[in-house]
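Q: For reference, the structure I am asking about is given below.
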Amino acid sequence: MISGSVLNAICEDSIKLINGEATARITHQTLVPKIENPISYSEFFFNYLLKNQPCILTKWATKDWPCMEDWRLESRAGEFVPNFDKLVEIFGETEVPVADCSKKNFNSHEKIKMKFKDFVKYWKSKINGDKEERSFYLKDWHCRREFPSYNIYTTPPYFTSDWLNEMFDKVVASFSEDDYRFVYMGPTGTWTPFHADVYRSYSWSANICGRKKWVMFPPGEEEKLKDINGHLPFDIRDIISDDVIKPTCIEVEQGAGEIIFVPSGWHHQVYNMEDTISINHNWFNGCCINLVWRFLQSELRLVEREIDDCRASMEGEEWTNHCQVLMLCNTGINYQRFHSLLEHVIKTRCDVIMRGVTSQPMIKRDKRKVDYDVIKRTCISTMTSLKDCLLSVEIAESQSLADLCLVIPTLLEMLSHCDCAHLLFDICDVILAYTKQFN
Ligand SMILES: O=C(O)CCC(=O)C(=O)O
Ligand SMILES: [Fe+2]
């Protein structure tokens, strides 16, 4: 359920204060839909994932997470604050990645490593008003990977169809050294520079305690913020220009217990308005795979342009391979890895469909409260986007993928005529990554 007429309520304000500083020439739309009660997976799928629109799930979405008990305390004023003693007891000796928000290093903040207990010592001194030039922000910490037996939180069902982390969990060696599940902890005033998320993935970010301000730009609007050299700003607060073209952005505050959904390709800048702890995942699936693929193509074009002067001295295949190696260094992924990701996704899903066709017992329709038509549309939409992605010329290089590609129309055809409950469930259980929805 979406509160009020929030979707349409847009407030324009061309000069807005962000942390007390003027950001000119940006049009702010201040409201993002707030989802105040659980909605069905299909509602989320069609209204937010497929439409690539942001939203906020309110406190109900995190109320059962163990970290809500462990990591925060309620102050006398009824606000939630970090439970430093407990956190140090659990993580004190762990080395954590920390950014210094007062120092710029190329396109991000300078990063160091320190013991968790030292970070907390710094944080407490900051709260006590010690004058500090440094502005430490613990971020991009793979806490869950480092503490796998600690039950910290449960990924909400809307975000569990996650091809990116599935690759890490199941095929790690050939794909990625790390997962994309993080913890952030930062004092008031820490912030994250202007960016879009890795590979144009989605992100979701949950505040355990504290408050964040998000300034988000729909895809394409960031173009209007580029300087004459085509570079994006590091900090949008620096942009005071008289340009006629004003980008539109959405500004939203996220409170304790709330989860924000950041769509694919939306550039954003984020501020901690209070002492804040958050958990976030980057992920993608069939709803945005085309945007990921388009991004990878543009990354390759960049590499090709960078080393264009070497082109004449290389054989065709040598050139192609060289570009792919460089792309892997620059972007952290190349076509080969993307192929193996798609191959894994398609193979596992196809296996399920094939198994479903031949498997026997029918699950009784009413036993699990699921909307069959929605499931079917979900499967078809996922398969279709995969097919479109695979049918693009460059990716069809791989024979095994080309073969899979040929199978997809048949699968789609089968699905569109399919009325077998067990088959739909099987497919969905995989495509929706065994969401709690079906329990
Ligand atoms: O919380 C932050 O500081 C940044 C988080 C972010 O950029 C994201 O979740 O995509
Ligand atoms: Fe981000």
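Q: Here is a list: Phe284, Phe261. Which entry is within 12 Å of the chain's Cα centre (by Cα) and either near ligand 1 (Cβ under 9 Å from one of its atoms) or under 24 Å from Glu343 (Cβ atoms) (or both)? Step through it out loud before you land on a result.
A: Numbers: Phe261 fails: either near ligand 1 (Cβ under 9 Å from one of its atoms) or under 24 Å from Glu343 (Cβ atoms) (or both).
Testing whether each residue is within 12 Å of the chain's Cα centre (by Cα) and either near ligand 1 (Cβ under 9 Å from one of its atoms) or under 24 Å from Glu343 (Cβ atoms) (or both) leaves just Phe284.
Q: Kindly check whether there is at least one residue in the range 100-110 that is touching a helix residue (DSSP H, G or I) at 6+ places or on another chain (Cβ under 7 Å) and under 27 Å from Gln269 (Cα atoms).
A: No - not one qualifying residue is present in the range 100-110.
Q: Within the range 63-111, how many residues turn out to be touching a strand residue (DSSP E or B) at 6+ places or on another chain (Cβ under 7 Å), among the charged types (D, E, K, R) and closer than 30 Å to Ala196 by Cα?
A: 6
Q: Here are some residues: Ser313, Ser340. Which one is outside the structural domain of Val215 (by TED's automatic domain parsing), among the small types (Gly, Ala, Ser), over 30 Å from Ser75 (Cβ atoms) and without any contact (Cβ under 8 Å) to a residue 24 or more places away in the chain?
A: Only one candidate qualifies: Ser313.
Q: Among Trp319, Trp293, Trp266, which is the only one that is more than 10 Å from ligand 1 (Cβ to nearest atom) and buried (at least 21 other Cβ atoms within 10 Å of the Cβ)?
A: Trp293
Q: Out of the range 213-233, which residues are within 14 Å of ligand 2 (Cβ to nearest atom) and farther than 23 Å from Phe284 by Cα?
A: Lys213, Leu232
Q: Still on this structure, please answer the following. Just to be sure, is Gly78 at pLDDT below 80 and either within 30 Å of Tyr122 (Cβ to Cβ) or not in a helix (DSSP H, G or I) (or both)?
A: Answer is no for this residue.
Q: Only one of these is touching a Ser or Thr at 6+ places or on another chain (Cβ under 6 Å) and more than 16 Å from ligand 1 (Cβ to nearest atom): Val81, Val120. Name it.
A: Among Val81, Val120, only Val81 is touching a Ser or Thr at 6+ places or on another chain (Cβ under 6 Å) and more than 16 Å from ligand 1 (Cβ to nearest atom).
Q: Here are some residues: Lys104, Lys59, Lys121, Lys115. Which one is under 15 Å from Thr190 (Cβ atoms) and either assigned by TED's automatic domain parsing to the domain that holds Thr276 or not aromatic (Phe, Trp, Tyr) (or both)?
A: Details: Lys59 fails: under 15 Å from Thr190 (Cβ atoms); Lys121 fails: under 15 Å from Thr190 (Cβ atoms); Lys115 fails: under 15 Å from Thr190 (Cβ atoms).
Among Lys104, Lys59, Lys121, Lys115, only Lys104 is under 15 Å from Thr190 (Cβ atoms) and either assigned by TED's automatic domain parsing to the domain that holds Thr276 or not aromatic (Phe, Trp, Tyr) (or both).
Q: Could you tell me which residue of the range 83-110 is surrounded by the fewest Cβ atoms within 10 Å (Cβ to Cβ), considering only residues that are more than 16 Å from ligand 2 (Cβ to nearest atom) and closer than 29 Å to His231 by Cα?
A: Phe106
Q: Residue by residue through the range 181-212, note down the ones that are crowded, with 20+ Cβ neighbours inside 10 Å, of a type in the set (Val, Ile, Thr) and within 12 Å of ligand 2 (Cβ to nearest atom).
A: Thr192, the sole residue that qualifies.
Q: Another one. For the range 216-229, name all the residues that are modelled with pLDDT under 95, in contact with a helix residue (DSSP H, G or I) (Cβ under 9 Å, 6 or more places away or on another chain) and either surrounded by fewer than 19 Cβ atoms within 10 Å (Cβ to Cβ) or part of a strand (DSSP E or B) (or both).
A: Within the range 216-229, no residue meets the criteria.
Q: Check Trp65, Trp163, Trp141 and return the single one that is crowded, with 17+ Cβ neighbours inside 10 Å and over 30 Å from Gly332 (Cα atoms).
A: Trp65
Q: I need a count of the residues in the range 233-254 that are touching a Lys or Arg at 6+ places or on another chain (Cβ under 6 Å) and buried (at least 17 other Cβ atoms within 10 Å of the Cβ).
A: Adding up the residues that qualify gives 2.
Q: Another one. Please state which one of Asp64, Asp85, Asp13 is modelled with pLDDT of 95 or more and either part of a helix (DSSP H, G or I) or over 23 Å from the mean Cα position of the chain (by Cα) (or both).
A: Answer to the selection: Asp85.
The values are calculated or read from the model by the stated rules, or taken from the named source; none is laboratory data. Because the structure is predicted, anything quoted here is derived from the model rather than measured. For neighbour counting, all protein chains shown are included, and Cβ atoms are generated from backbone atoms with ideal geometry for every residue, glycine included.
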